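The values are calculated or read from the model by the stated rules, or taken from the named source; none is laboratory data. Given the structure is predicted, the values throughout are model-derived calculations rather than measurements. Glycine gets a Cβ as well: all are built from the backbone with ideal geometry, and neighbour counts include every protein chain shown. When the accessible area is computed, the model is the full protein with side chains, heavy atoms only, and any ligands, DNA or RNA have been set aside. Shrake-Rupley method; radii C 1.70, N 1.55, O 1.52, S 1.80 Å.
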Amino acid sequence: MGASVRALRALLLLAGFYLLGLAMLAVLAGVDWAAALWAPSSLAVKLYVVSALLAVPIVRGMFMLRTPKDDAAHGVLVTDAQEPRLWQEVRELAAQVGTRAPDEIRLTADMNASVGEEARFLGLLGGTRRLHLGLPLMSGLSEAQLRAVLAHEMGHYGNADTRLSAITVRGRVQVARTIAHFEERAGGKVAKERARQERRNEKKLAKGKKAKEVDTTGVGLTYRSMAKVYKAYGHFYLRATLAGSRRQELAADLAAARIAGRDATASALREIPALDSAHDFYMNAYATLGVGAGLLPPPGEVFGGIRHLLAARAGELAELRRELPTEPASPYDSHPPIAERVARLEALPDDGRASEPAGPALGLLADPGTALVAVEQASLTPEALRLRRVDWPELVHVSMTAYFAQEAEPLRRATAEVTNGDGSLDALLNALDLGAGWEIADRLPKSDQAGAAKGRAAREFARPVLRRGLARMVAGELIDRGAARWELSWSESASLRMPPGHEDDLPAALDAAVADHPDTAPLRQLLATV
């Protein structure tokens, strides 16, 4: 579908929104006219008021024409002088696509690359073009794969996708705004009615009467009904425009394959879902691990540390590359399934470019470390930037120690309550020897299923919870003595490094301490000998 046809379709869909608004206003006017002719004057007045109230959101949605603009300041702007190799690569790819290169390149903290354009007059005139390039993405791609990604993005420029998106975005925003106006009115009606009924109940209770249950069923029904009409058009609008968006992605894939090579483009697409999963895991399990303890990794490592994870988990990443998503993320996903895109590319004739250079994509940057630090400064909140920076081993040790101490706190409190003591590890071991462990375990937080269990079943629910808490208290004791330390691992979870000769003693000692007939001797011996 050519750019002119796509522009016409987008304009027709946008016009459809305004036609829907005019049709709804005409219906309301028709109801008012009929009421004036045949309805009693009291009913007619009520219908006039309702029509006026319903017309307000329609008119607001139609004539609030301002649409939100992209955040032009997102990321770190890099000039040709700062990153000559990257700019040269982007310009060469744009020339091969046959389009104008972006006016700005901005480095971001995202696992993504995207292009945008500040088009004018609903996309009829082009504007400032921006390429946003995520450093985490560059950390996981080879130079050849990055060229394929960049060629794909330049393909969007060449196909006028970014310019014509202004019309599509306008329609989506207008529909969403109108729905929001109606839902806001409906919510206000419900809140007002709820408050009225609650005041009435308060008066009844003050008089010793029984209060009625608050019931707002049917309140705001007319607003919600109007919202449903616009939601139906919104769903149609999204499906119509997103089908075009998916075709645009496939066209950009072909442009990338033509310029950067079939194999590099297909491999880049295989890499992206794996990198997405790795990035989410890294940010949760590593980059932000120390936030609760007031710590962050060294400068440049918050987003750049993913390189260590990718290098250590090559086997897991290879498995993710094989298991490509075969369905869109949602019916409104603007991209076809990755599996479909890869299959289309791999079905293309061999272009003999399988041996493209495989150097790291970060090599295109003049100084990756400096770039990573700059992106951190631009992306992190002021509160995050004030956190203390420590190296990875120290961050893991301090953070895990703090988390274990926090997780052990409920067991300390329960022990103190049962023993009337200080809740120390020694007090807990004494309580276990005296058979009070299950009484302590009963005071720990439990699931609904565990709370309903009785007898033996209740004990089996409590045993792992008690053991887990005991393990954390023992770990805290050993760490306080300097006998154990948390050890960083990029290939698996952090592990508690025990003193030499005692690496395998702790699990068996914990099992014995929470057995049906508790025996804390192995645990006491372990604590005495380290």
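Tabulated data
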| quantity | calculated |
| --- | --- |
| Accessible-area composition of segment 457-530, carbon plus sulfur, in percent [1.4 Å probe] | 51 percent |
| Amide H within-cut-off set for residue 485, under 5 Å, with H built and near neighbours excluded | 497 |
| FRET E, pair residue 92, residue 367, Förster distance 25 Å, beta-carbon r, rounded to 0.05 | 0.70 |
| Label-point separation, residue 217 to residue 59 (7 Å along Cα→Cβ), nm | 3.6 nm |
| FRET efficiency, 1/(1 + (r/R0)^6) with R0 41 Å, evaluated for residue 380 and residue 525 via beta carbons | 0.30 |
| Furthest towards positive pole of dipole, 466, 435, 507, structure part segment 381-530, Cβ charges | 466 |
| Rg ratio (alpha-carbon, reference 2.2 N^0.38 Å) - the chain | 1.33 |
| Å² of accessible area per residue within the chain, as computed with a 1.4 Å probe and no ligands counted | 51 Å² |
| Percentage relative contact order, segment 236-380, counting C-alpha pairs under 8 Å, at least six apart | 36 percent |
| Exposure of residue 226 as accessible area (Å², to 10), given a probe of 1.4 Å and all protein chains | 20 Å² |
| Note, ³J(HN,Hα) from phi for segment 516-526, Karplus 6.51, -1.76, 1.60, rounded to Hz, x at Gly and Pro | 4, 10, x, 9, 8, 4, x, 5, 5, 5, 4 |
| Peptides 412-423, 257-268, 142-153, 340-351 ordered by average Cβ neighbours within 10 Å, highest first | 142-153, 257-268, 412-423, 340-351 |
| For residue 296, residues with placed amide H under 5 Å, excluding near neighbours | 388, 389, 390 |
| Residue 77/residue 250 FRET efficiency (R0 22 Å; Cβ-Cβ; nearest 0.05) | 0.10 |
